[in-house]
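Undergrad: Quick one: the structure is below, questions incoming.
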Amino acid sequence: MANTQAMATSFKVEILNGLHAFGTSVVRGATTADSFKAALYLTTATIAAASTAYTATGEVPGTGYTAGGVDLTGAVDWIAPGSSGTTAFSTPTANIVYTTVTLTTAFDAVMIYNSTQGNRMVSCHTFGSQTITAGTLTLTMPTNDATTGLIRIA
Amino acid sequence: MSDSITTTKGLIDVSLLEKKEGIVDNDNERTEWIEYWLDGELVHRSAHVTLKRNVISNTDIGGFRG
């Protein structure tokens, strides 16, 4: 039996659960999960991997839409991180819904960010350019697994 | 019984509106949109986006062998 160089799959899950701090971290007041939000961005915005936190710059304006976007909803915002094979993954518990909004300036991205921890960015997801008129935008969550989960660490 | 929907002009019976629908389906997303028009004016547009290509971070670790 040989040893195998590897990153522990459990470590990947624990990163998502906030158990490790290789550098200066934050004081966590409880063991409960953080809260997260989802903000929409114009096609002219520049949200990318280098972005670090929620910003109002480039955020979609509109009627019925509040700056900062909407809260992720559910008893907890994310399905408890899990793993399959060597991939850790998690997905928001519920679809992200912007109800009865008018967003007439084209947008094509949603930023998910941690509103408990200084609005730090988690991810940006892009899609085809959209507008909404007195209607509803629904972002349907994918199946939560190692292939399609919204956030995956392989 | 007819259904009403929210529009820029308030609730309107859908039977009075022109309906347009479309689907965008590619490697990145499947988006279904629906529009209602009244006398040539867009009064309602909703969209339903399902993301297919989600965020993945590939990890690697260093070794000690040269």
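Just so it is clear, none of the values below were taken in a lab; they were calculated from the coordinates. Since the structure is predicted, the reported quantities are computational estimates derived from the model, not experimental observations. No Cβ is skipped: glycine too gets one built from the backbone with ideal geometry, and neighbour counts run over all protein chains shown.
Undergrad: Provide the per-residue ³J(HN,Hα) series for segment B:20-25, in order, calculated from phi with Karplus coefficients 6.51, -1.76, 1.60 and θ = phi - 60°, each as a whole number of Hz, with x at glycine and proline positions.
TA: My calculation for segment B:20-25 gives 10, 9, x, 9, 10, 9 Hz in order.
Undergrad: Can I ask one more? What net charge do the residues around A:Y41 carry, taking every other residue with its C-beta under 9 Å from that of A:Y41, with Lys and Arg at +1 and Asp and Glu at -1? Intermediate values should be presented prior to the final figure.
TA: Working: positive: none; negative: A:E59, A:D108.
In short, -2.
Undergrad: Looking only at other chains, what is the average number of their beta-carbon atoms within 10 angstrom of each beta-carbon in A:138-148? Walk me through the numbers on the way to the answer.
TA: Details: counts 6, 7, 8, 3, 5, 0, 0, 0, 1, 2, 5.
Whole-number average of other-chain Cβ neighbours for A:138-148 is 3.
Undergrad: If I model segment A:61-122 as equal point scatterers sitting on the Cα atoms and use the Debye formula, what is log10 I(q)/I(0) at q = 0.27 Å⁻¹?
TA: -1.28
Undergrad: Still on this structure, I have one more. For segment B:4-51, give the magnitude of the charge dipole about the Cα centre (Cβ charges: +1 Lys/Arg, -1 Asp/Glu; no others), in debye to the nearest 20.
TA: Approximately 160 debye in magnitude.
Undergrad: To the nearest 20 Debye, how big is the dipole of the protein assembly as shown about its Cα centre, given +1 on the beta carbon of each Lys and Arg and -1 on that of each Asp and Glu? The partial results should precede the final answer.
TA: Numbers: 13 positive and 19 negative charges, 164 e Å.
Taking the Cα centre of the protein assembly as shown as origin, the dipole is about 780 debye.
Undergrad: Cross-link candidates for A:K12: which lysines have Cα within less than 30 Å, leaving aside residues fewer than 8 places away along the same chain?
TA: A:K37, B:K52
Undergrad: Still on this structure, I have one more. What lysines does B:K20 reach when the alpha-carbon gap must be under 19 Å and sequence neighbours fewer than 8 apart in one chain are set aside?
TA: By straight Cα distance, B:K20 reaches B:K9.
Undergrad: Which of these, B:R53, B:R30, B:R45, has the largest mean-square fluctuation under a Gaussian network model of chain B (Cα springs below 10 Å)?
TA: B:R53
Undergrad: Taking only the alpha-carbon positions of chain A and ignoring solvent, what does the Debye formula give for the base-10 log of I(q)/I(0) at q = 0.09, 0.17 Å⁻¹?
TA: -0.33, -1.04
Undergrad: Kirkwood hydrodynamic radius, segment B:4-51, all distinct C-alpha pairs: what's the number in Å? Numbers along the way, then the final one.
TA: On the way: mean 1/r = 0.0869 Å⁻¹.
Answer for segment B:4-51: a Kirkwood hydrodynamic radius of 11.5 Å.
Undergrad: Pick from A:T87, A:T57, A:T43 the residue whose mean-square fluctuation is largest in a GNM of chain A, springs joining Cα atoms under 10 Å.
TA: Maximum fluctuation in the GNM of chain A, among the listed residues, is at A:T57.
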